[in-house]
């Protein structure tokens, strides 16, 4: 598999397969939302756009980066989300990097959104694809976020070598600037447990696939069949 690792600004063309990585915290939060029962996640282009969607659908749950704000139900923290019952709900998510990266490649035939908590499911889904080229979108710090790059490289390795161990990649993420900022309370709208939750490998058994549904970019979980049933498509 030919893997490319690019920042959002480096995307010059629509890739055939895109894996958008945001470990701390957008796509860890998204995975937790699905684990808490959410049916789908709408990726909003702006805060105003998220609030407009929430206004049109008052029962939807709106999530943003940073501190709490009027109109939003919660913030982009997996630790805070894990206590919410989202059974059957639609979530609207707007973050600084993760949702921006996903929207930048929304026209790709296959868009996966990933973090460590869904790493193996994402790698398995890549292994079922016939595509030779995969573009990993490293969303944080203009493509230089160590936690996102480490996760992207881990998934790429797992896609071709299922025996690849996670430990070295997790150490890189644990010592990243984002992890330090979260641990030290630099980022508003965070919880002391966020870093640990973002570094749990394969907590959830599903990958997350983004696709266009009408005018919206919608993220949904996809659970793969047992390994013995997986065949290339």
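The values are calculated or read from the model by the stated rules, or taken from the named source; none is laboratory data. All values derive from a computational prediction rather than experimental measurement. Because the Cβ atoms are built from the backbone with ideal geometry, glycine has one as well, and the counts that use them run over all protein chains shown.
Summary of values
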{"quantity": "Candidates 211, 196, 152 - the one that is touching a strand residue (DSSP E or B) at 6+ places or on another chain (Cβ under 9 Å) and either more than 22 Å from residue 125 (Cα to Cα) or assigned to a helix (DSSP H, G or I) (or both)", "calculated": "152"}
{"quantity": "Subset tally (residues that are in a loop (DSSP other than H, G, I, E, B), crowded, with 16+ Cβ neighbours inside 10 Å and at pLDDT 95 or above) for the stretch 119-149", "calculated": "2"}
{"quantity": "Meets criteria (farther than 24 Å from residue 64 by Cβ and without any contact (Cβ under 8 Å) to a residue 40 or more places away in the chain) for residue 156", "calculated": "no"}
{"quantity": "Residues within the stretch 9-55 that are farther than 20 Å from residue 129 by Cβ and either crowded, with 22+ Cβ neighbours inside 10 Å or within 14 Å of the chain's Cα centre (by Cα) (or both), tallied", "calculated": "20"}
{"quantity": "Checklist (1) exposed (fewer than 15 other Cβ atoms within 10 Å of the Cβ); (2) in contact with a strand residue (DSSP E or B) (Cβ under 8 Å, 6 or more places away or on another chain); (3) at positive phi applied to residue 66, failing item", "calculated": "(1)"}
{"quantity": "Those helices (runs of 4 or more DSSP H) lying entirely in the stretch 1-115 with at least 1 residues free of Cβ contacts under 8 Å to residues at least 12 places away in the same chain", "calculated": "47-56"}
{"quantity": "Residue in the stretch 173-180 that is touching a residue at least 24 places away in the same chain (Cβ under 8 Å) and assigned to a strand (DSSP E or B) present", "calculated": "no"}
